[in-house]
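Report on the following structure.
What follows is calculated from the coordinates using simple rules that are stated; it is not laboratory data. As the structure is a prediction and not an experimental result, all values here were calculated from the model. Cβ coordinates were reconstructed from backbone atoms using ideal geometry, including for glycine residues, and neighbour counts include every protein chain displayed.
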Amino acid sequence: MIRATLIALLAIWSLPLAAQKAQKPATPTEDSTIERFRAHAKPRVVAPEAPLSAEERNTIRRFREAKSSVVFVSAILKGHDLRTQDSAKIPFGAGTGFVWDEWGHIVTNHHVVTVEEGGQRITEVQEVEVTLADGQTYKGRVIGFSFAYDIAVIQVFAPLQAMRPIPIGRSQSLQVGQSVMAIGNPFGLDHSLTKGVVSAKNRKIDTGYSTHILNAIQTDAAVNPGNSGGPLLDSGGRLVGMNTAIVATKGEGSVGVGFAIPVDTLNDIVPKLIARTRLEPPRMGFEVMTSALAQQSLGITQGLLVLSVDPASPAGRAGLRPLSVDAQGRVKEMGDILLAYQGRVIESEGQFMAMLEVETPKDEIEFDVLRSGEVIKVKLNLKGSKAGEPVKPQPASI
């Protein structure tokens, strides 16, 4: 194979030499023509500029107006420099976001600020950096997120006078064929504009947690990796959606089919996330280990391992059993493993939380639980429970 490649390269390299030998010697007439025409080398006359169309002027105007509201989001993990053992920031990923309000709240996709490996959620990043349109970068923190809707809210610690909230529109009134514009940072190329139309409405797209975002907007405005979390605007420059996903074929990337979360959904969910961090159903009173850690530490490949239980909570009263470890972190007694919720298999903590966000639990819920090698039913009575975080995935040192 190497020899064949080398021969091919030599053949290509020798082509110009062979071609030169085959050419006839230049004549004096040709040389004089070349020299005579060299004298005409000068810049071309610029043709008169045609006036911009009304559509072009509007697109330019809307981009300029929206640009100051669009930000670059960098996800940061914290680690250590192996040589110096000093703490270090490790850039994990990047995406787009936009200024939601004058109080420094930035909206982006949850998957932009989530560490995933092999399609499995590992954890949220510890820190984010937000770069505004003027090039200034500020620290930010994720203060709210939803698994079911793939939405995250970041508090950026930037001067409030630098906040330029993006105008909000309505997605319900969009029509197929209507012009839309996408602004984002594809492949790290900041503030890129693409344009297209609303290709379809009311699409259903998968979040990766076995739930679906309903009423999504399909568009042919080109979006690529890095556009996630960026705004989709109508011709009036109003936010009508958040670019979230693309249809990609193997080896080809985007094929011109993109999806955006409708702004009507954002306008409902984002204020709740700002106010409460999570979409919180009634409190259940237990904590679970992340699926990734449970698999790595204990070889658990199905369900959620219960880490702790509040005795005074619905989980405590139902007798749910937590993991028990000794002072050295060795397992004394395995906790309950939640296999199914209301008859539906639990695939991961993210998928379970997404189910709780979409469907608020009733007064009584039921888990299929693996306990001491047997699968049993455990019912939790939630009647009278106050809203609170039902499941708090926390890695344990075991």
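Below 8 Å between Cα atoms, with a sequence gap of 6+, how large is the relative contact order for segment 100-220 in percent?
Working: 206 pairs, mean separation 24.9, N = 121.
Relative contact order, segment 100-220: 21 percent.
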Subject >> Over 32 Å (Cα to Cα) - which of Lys201/Lys272; Lys67/Lys204; Lys272/Lys379; Lys139/Lys204; Lys272/Lys332; Lys67/Lys201 fall in this group >> reply: Lys139/Lys204; Lys272/Lys332
**OP:** For segment 157-174, take each phi angle, set θ = phi - 60°, evaluate the Karplus expression 6.51 cos²θ - 1.76 cosθ + 1.60, and give the result in whole Hz per residue in order, putting x for glycine and proline.
**Re:** 8, 10, x, 4, 5, 8, 7, 10, x, 7, x, 9, x, 10, 8, 4, 8, 5
**OP:** Mind checking the full-extension length gain between Lys67 and Glu55? Use 0.36 nm per residue of separation minus the Cα-Cα distance, one decimal, nm.
**Re:** 2.5 nm
**OP:** For segment 179-267, just the Cα atoms, rotate onto the principal axes and tell me the three extents in Å, largest first.
**Re:** 35, 32, 20
Subject >> Estimated inter-spin distance, Glu102 and Glu30, nm [label 7 Å along Cα→Cβ] >> reply: 7.4
Subject >> Calculated from backbone phi, Karplus (6.51, -1.76, 1.60) coupling profile of segment 271-276 in Hz, x at Gly/Pro >> reply: x, 5, 5, 5, 6, 10
**OP:** Just order 147-158, 372-383, 286-297, 60-71 by mean Cβ neighbour count inside 10 Å, highest at the front, would you?
**Re:** 147-158, 286-297, 60-71, 372-383
